[in-house]
Each structure stands twice: as C-alpha cells, then as structure tokens.
1. Quick check: is even one residue across the range 142-157 within 18 Å of LEU73 (Cα to Cα), modelled with pLDDT under 70 and hydrophobic (A, V, I, L, M, F, W, C)?
2. Out of all the residues in the range 45-68, which are of a type outside the set (A, V, I, L, M) and at pLDDT below 90?
3. Just for the range 125-148: of the residues that are in contact with a strand residue (DSSP E or B) (Cβ under 6 Å, 6 or more places away or on another chain), among the hydrophobic types (A, V, I, L, M, F, W, C) and part of a loop (DSSP other than H, G, I, E, B), which one is surrounded by the most Cβ atoms within 10 Å (Cβ to Cβ)?
4. Is it true that some residue in the range 18-27 is of a type in the set (Ser, Thr, Tyr), assigned to a strand (DSSP E or B) and either modelled with pLDDT under 85 or open to solvent by less than 70 Å² (accessible area, probe 1.4 Å) (or both)?
Amino acid sequence: MGSSHQPEVQTASLHQADLREQLHSEIERSGYYPALVGTCVDLAVATEAVRAYFVQLETTFDQDEVRRHVTVLVLTPTRLIVAHTDDNGEGPPQEGQEPHEALATTSTETVPLSKVNAVVVSTMVTDPASFNPEQSPLEVTLTVGWGTVSRLDAGPVDCGDPDCDADHGFTGMISPEDLMVRVSADADGGQAVSRVAAFAQALSLAVAGVSPAATQGAVT
C-alpha cells in the first residue's frame, strides 16, 4: 500500500533462497530470539518453497514485566504455516527470591491449503466518504479458519413487538477463527499494514488454486 491501497507482492523472479533469506532478515529485525524463531520456522517449512510471509512482533506490559509475542506466517505451495513464540516467565521474583531464568515457548502449526475454508480481510479506513485508491488503511485484520477453532456469536431472538415478554429462544452464528492477526498503522506502522494485506491476498489466491506465479514472492 504505502502510496497505494494495492498490496505489494513481489513477483516470482525472486529465487527461493532469496525469499527464505528475506524471511530470516525479517525475523532478525523483530529482535525477538531470532535464532530460536528462525530455526522453528525452518523446521516447519522444511524443503518447501516460501511464497509469502508475514512477521509481527507484539509487546505488552504486565505490571512490572514486558512480555513479547512474535507471530510468523509462511505460505508454501501446499501449506499455511503459523508460528507463535511467547515469553513464558513466572512473573517478577518475590522479595528474597533469586531472579527467574528467562523462558520462551514456540509452537508451529502447519495447515494444508486444502483445509483452509475461510480467509477474511477486514479493513478500516478514515473518511470513507472521500475514499480514493491512494488512501492507506488505518488497520487490517486477517482472520483465517480451517475448522479447529470456531467463534459463536449468540443472542436472544427479538420478535419485533416492544410489548412482548415471551421467550423466543436464541439465535447465533458460528464463524471459523483459527487465526486472527490485527495490524494497525498507529501500533505497527503503515508498512506492516501493507505487508499483512499483501500476505492475505497471496493466501486467498493460493487457497482458490490460482496459478503459483500469481502468489509466489515475498511480502514487502
């Protein structure tokens, strides 16, 4: 996006080694245990090509502690790889206790593209009445479902009669939500918003079975 709302996805001219190198460079830039994160991602990707990727570092403050979480998404020809790494401390030491050893937990999930049944992209923009193609979104939320986790939104049925106090039961909607990544320009920067939008586009095309040449490339 940057100067345009169109996602920036590099073409297939980049060699696979270049794509993996760029992925590792992005993990290094995150600054969060890059050797650990990079090794776990490599084990999950194995010998497959990297067609697109997205890296997000989140920092939260818990009382006297700073907790970090990094999410790495990798698209290969056959799979979506989701890697999460978290601080796993036991909180600040109590008075008289020795400092705790730093701990981190990494998990990777590999999802066959054939199992992905929902790719939802929500975009928030300012001044929608004056929207133009050069406008960058304020934030982008990517939600991906493959049937492991679902969200249930339920509420009472309203018959429309304001004087009715009868119980009409409940209605609801089940939505797949195995992965949700929210990126905002204020918190993550405009480039991160562009990158997640580009990754979402590449993933959507891959799930739809569009030619690999249309999806191959690093997300920049």
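1. Yes, there is a match, as at least one residue in the range 142-157 is within 18 Å of LEU73 (Cα to Cα), modelled with pLDDT under 70 and hydrophobic (A, V, I, L, M, F, W, C).
2. Passing the criteria: GLU58, THR59, THR60, PHE61, ASP62, GLN63, ASP64, GLU65, ARG67, ARG68.
3. Of everything passing the filter in the range 125-148, TRP146 is surrounded by the most Cβ atoms within 10 Å (Cβ to Cβ).
4. For the range 18-27, residues of a type in the set (Ser, Thr, Tyr), assigned to a strand (DSSP E or B) and either modelled with pLDDT under 85 or open to solvent by less than 70 Å² (accessible area, probe 1.4 Å) (or both): absent.
The values are calculated or read from the model by the stated rules, or taken from the named source; none is laboratory data. Predicted model only: the values in this text are computed from it and were never measured. A quick note on method: Cβ atoms are made from the backbone with ideal geometry, for glycine too, and the neighbour counts reach across all protein chains shown. Ligands, DNA and RNA are excluded from the accessible area calculation, which covers all protein heavy atoms including side chains. Shrake-Rupley method; radii C 1.70, N 1.55, O 1.52, S 1.80 Å.
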